[in-house]
Each structure stands twice: as C-alpha cells, then as structure tokens.
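Trainee: The structure is given below, and queries will be raised subsequently.
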Amino acid sequence: LSGHDAAVTDVDHSSVDGRPIAVTTSRDGTARIWDLTDNTHRATFNGHTGPVLAITCTTIDSQPVAITTGADQTVRLWNIATTRELTVLDFPAHIGAVLHTDAAQHLVVATGWDLIALERTGTTVSQ
C-alpha cells in the first residue's frame, strides 16, 4: 500500500459495505483509506494543514467514522463511507493521540502533557 508522500504516523481499521479497510495518517498532511480486499487506495481525507499524527476508527450514529488529529491543533471527524468531513475541533496545542470509546461515546485526546476527555451529549460534543 503506497501513496503517502511522507512517513505514515498511525493506522487503524474498519469496514465499509462489508469490506475491510485500513485508514492511515501521514506527515504529508493527509489520511488515506485503503481497501484491504484488493489492496487499493479508496480515498484521501484532506483538511489538516500540517502532519496528521493519529487516527481512531469508530461508529457514531451507525456510521463508520475516522477521527484524525494533527499538528495543526485540530481533531477532525470524517464519515468513512462518504469521505465527508463531519466536524473540526480546535485545541490549544497539537494532538498526539486519540481514542474513542464506542459504548460511552467519549473522545479522549492527548495534547502535550494533558489528556482531555470529551463526552458526546445529543448531537454535540461537550467538554
């Protein structure tokens, strides 16, 4: 699987329409979806303005979602099936790691020395 123009920083997996996929992040400022059935590039997420550092894949409202973090101090949520950007969350420093808990609908991000836990309430994310 080649296609990034810089080092790959993270990888996670999910499925779309029953097909296994991998989603990678890279220092080239993109995240990419790879179809693991035929080892092809399926789509590219563009939006971060610097290196994309981490990824977690999850399901939100029955939709497959990729959550990416970047050196641009943002967390971005993407619908994997449509490749549409869903939302952007701004933070005071770059985000080096991300975790989403399916059952509790919590998003945990690591920024510098801090961990920030966000909880989804209704259709919004609250801190």
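Trainee: Where residues in segment 58-70 are at pLDDT 90 or above and more than 15 Å from VAL8 (Cβ to Cβ), which of them is nearest to the chain's Cα centre (by Cα)?
Mentor: ILE67
Trainee: Can you pull out the residues in segment 82-116 that are touching a residue at least 24 places away in the same chain (Cβ under 8 Å), under 13 Å from the mean Cα position of the chain (by Cα) and loosely packed, with under 14 Cβ neighbours inside 10 Å?
Mentor: Of everything in segment 82-116, those that are touching a residue at least 24 places away in the same chain (Cβ under 8 Å), under 13 Å from the mean Cα position of the chain (by Cα) and loosely packed, with under 14 Cβ neighbours inside 10 Å turn out to be THR87, VAL88.
Trainee: Cβ contacts < 7 Å: first residue of a type in the set (S, T, N, Q), restricted to segment 1-29; second residue part of a loop (DSSP other than H, G, I, E, B), any location; separation 6+ or different chain. Result?
Mentor: Close Cβ pairs satisfying both conditions: THR9/ARG27; THR9/PRO51; SER14/ILE80; THR24/HIS4; SER26/HIS4; SER26/ALA6; SER26/ALA7.
Trainee: What number of residues in segment 65-81 are farther than 18 Å from GLY96 by Cβ, open to solvent by less than 20 Å² (accessible area, probe 1.4 Å) and of a type outside the set (Val, Ile, Thr)?
Mentor: Result for segment 65-81: 2.
Trainee: Now a separate question. Out of the residues in segment 14-43 that are crowded, with 18+ Cβ neighbours inside 10 Å and among the hydroxyl-bearing types (Ser, Thr, Tyr), state the one that is farthest from ARG76 (Cα to Cα).
Mentor: Result: SER14.
Trainee: Restricting to segment 83-103, what's the tally of residues that are within 15 Å of ASP72 (Cβ to Cβ) and either part of a loop (DSSP other than H, G, I, E, B) or not β-branched (Val, Ile, Thr) (or both)?
Mentor: Matching residues across segment 83-103 total 9.
Trainee: Next question, about the same structure. Name the residues in segment 49-63 that are under 24 Å from GLY96 (Cβ atoms) and open to solvent by 20 Å² or more (accessible area, probe 1.4 Å), would you?
Mentor: Scanning segment 49-63 gives THR49, PRO51, LEU53, CYS57, THR59, ILE60.
Trainee: Could you say which residue among HIS13, HIS41 is over 9 Å from the mean Cα position of the chain (by Cα) and either more than 24 Å from VAL109 (Cα to Cα) or assigned to a loop (DSSP other than H, G, I, E, B) (or both)?
Mentor: HIS41
The values are calculated or read from the model by the stated rules, or taken from the named source; none is laboratory data. Note that the structure is a prediction, hence the values are computed from the model and not measured. As a convention, Cβ positions derive from the backbone with ideal geometry for all residues, glycine included, and neighbour counts pool all protein chains shown. Just the protein is used for accessible areas: all its heavy atoms, side chains included, with ligands, DNA and RNA removed. Shrake-Rupley method; radii C 1.70, N 1.55, O 1.52, S 1.80 Å.
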